[in-house]
1. Could you compute how much accessible surface ASP186 exposes when probed at 1.4 Å, giving the result in Å² to the nearest 10?
2. Which entries of LYS147/LYS455; LYS153/LYS411; LYS107/LYS153; LYS151/LYS500; LYS151/LYS319 show an alpha-carbon separation above 26 angstrom in the structure shown?
3. Could you give the dipole magnitude of the stretch 162-321 about its Cα centre, charging the beta-carbon of Lys and Arg +1 and that of Asp and Glu -1, in debye to the nearest 20?
4. For the stretch 158-221 and the stretch 322-350, compute the distance between their C-alpha centroids and round to whole Å.
5. Taking K and R as +1 and D and E as -1, what net charge do the other residues with C-beta under 11 Å from the C-beta of GLY381 add up to?
6. State the extension gain, in nm to one decimal, for the chain segment bounded by ASP195 and GLN463, taking 0.36 nm per residue of separation less the distance between their alpha-carbons.
7. Just to be sure I understand the model, the point goes 7 Å from the Cα along the line to the Cβ. What's the resulting ASN288 to ASN488 distance in nm?
8. Pick out, in residue order, every one of the GluC sites (Glu not before Pro) in the stretch 359-423 that is DSSP loop and has at most 16 other C-beta atoms within 10 Å; say none if there are none.
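The values are calculated or read from the model by the stated rules, or taken from the named source; none is laboratory data. Owing to the predicted nature of the structure, the values given are computational and were not obtained by experimental measurement. Cβ placement follows ideal geometry from the backbone for every residue including glycine, while neighbour counts extend to all protein chains displayed. Ligands, DNA and RNA are excluded from the accessible area calculation, which covers all protein heavy atoms including side chains. Shrake-Rupley method; radii C 1.70, N 1.55, O 1.52, S 1.80 Å.
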Amino acid sequence: MARTRSSTSKWRYCHPSYYLKRPKRLAFLFLAFVCASLLVWDRQTLLKEHEEEILKLNAEVVRLKSMVGEVNYKPGNKEEDVDDPIDVERREKVKEAMIHAWSSYEKYAWGKDELQPQSKNGFNSFGGVGATLIDSLDTLYIMGLDKQFQKAKEWVANSLDFNKNYDASVFETTIRVVGGLLSAYDLSGDKVFLDKARDMADRLLPAWDTPSGIPYNLINLVGGRPHNPSWNGGLSILADSGTEQLEFISLSQRTGDPKYQQKVENVISQLNKSFPDDGLLPIYIDQNEGKASSSTITFGAMGDSFYEYLLKVWIHGNKTAAVKHYREMWEKSMDGLSSLIRRSTPSSFTYICEKSGDSLIDKMDELACFAPGMIALGSSGYDSEDSKKYLMLAEELAWTCYNFYQSTPTKLAGENYFFHPGEDMSVGTSWNILRPETVESLFYLWRLTGNKTYKEWGWNIFQAFEKNSRVESGYVGLRDVKTGDKDNMMQSFFLAETLKYLYLLFSPPSVIPLDEWVFNTEAHPLRIVTRNEGGDLVRSDEKSKPSIRLRGRKEGRSK
């Protein structure tokens, strides 16, 4: 904040130029020493006596900067597509990171699910379906890595085989494999990806054959035999059961076969029958009764993406009456989320509690850091007053999530955080496995507000990954964000999500524009297709290729 003229004049005696114009140099030296001493003493006193107030003011400064960014940003202006030289440089750095990650996978783990960089070998964590390769297809395409994309496509066409005697997670397989293949199809128009996506979806489909239509969460890719894990009492998990809508609806639209859409939309219809007024569902669902079972409520692990898909299916259907009930359910859930909001002391970090029975737990997963982006994305669907309220909440939560990173010695976030009175945030589970949720939210907030602060935060996070996670043969997570001790796994979502969102953060908004594409929870962009009144199926096949503007694809193509 600028000082007023009167307050500025009080300090003129502490400026050397005031005395240099006068003959008494000794007086100048003496007074300069006194002024400097007073300033140091005054600063130390202020810091000691008003530390809490200063921390709160710092948070307010960030909020005000966000507001300034919003005022200066007007979506639709031609200026939004002007490529800043700094953005170009940073985007190329992210692309280079992707090349390093991909070439390491290609050299040591080709066709396997994930790379173990320290031991330089592949590991089949998803039954051996090439999870990292499929997860990376759209990232390679968007970054213009055509040589790598073509080689991966040839593997999909000639070597990808889903006949695996493996009990696959319906959720993980849907978002990574079906979603990854559909996105590659939407981007490239190559039918081989659509055929493979349909093959996998057909193997998963028996999981929905339950009395209520709420799916089992595990299924054998060869023999079927759907079931639930025993560790949670044989119940279905909320996020695992309610995060297949985007992929299966898209598959029905692109093949003309309604069975996929019908299965996943029935899940939402069942849950909507007893949907609570606050829109908050426990993480366990009885697949026989189709009702929630008494358990924890969270926007973190096992709850998160259910709420995300309520919003995104509405966007994916182009916000028509056919998908209005998704938006209505999501708005109820945002009312419930608001009831879980608390602020820490002394720094007033905004966070989302978990709920057990009638008790709130002052804990927030890094996984829940997708929420700022989700809230910002949905804020425009409200009236003016509520829109501003939710956008401000999104910005406050994003500041907290960024500080999950900034609060550790490595500048990388732990898996979850606890908030104790007078202590702000403290790391709970201290590992970092290259998760994308915070940079995902920074991407959305940049796109929706134009505030460049979010780019700076994203760049800082990227540099922390480069410093702590990059090794000779790829990227690894950390066993402990305090010590920097490394693990031996390059998660497929690091290539599918973390690096993609960072790349898009430094790309013009015309690259995967949000009015034409919606990202699934694994960051795979799917084309928005308008849903007819009443929800009738609209076919969108290979003859109707999407238009996509990828300015970045001409930059630095690999040789």
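1. 0 Å²
2. Details: LYS147/LYS455 29 Å; LYS153/LYS411 36 Å; LYS107/LYS153 17 Å; LYS151/LYS500 19 Å; LYS151/LYS319 37 Å.
Going by Cα-Cα distance, LYS147/LYS455; LYS153/LYS411; LYS151/LYS319 fall outside the 26 Å limit.
3. Numbers: 14 positive and 19 negative charges, 64 e Å.
So the dipole magnitude of the stretch 162-321 works out to roughly 300 debye.
4. 31 Å
5. Numbers: positive: LYS319, LYS324, ARG327; negative: GLU328, GLU331, ASP383, ASP386.
Every neighbour counted, the sum reads -1.
6. Taking ASP195 through GLN463 to full extension adds about 92.6 nm, to one decimal.
7. About 4.3 nm separates the two model spin labels.
8. GLU423
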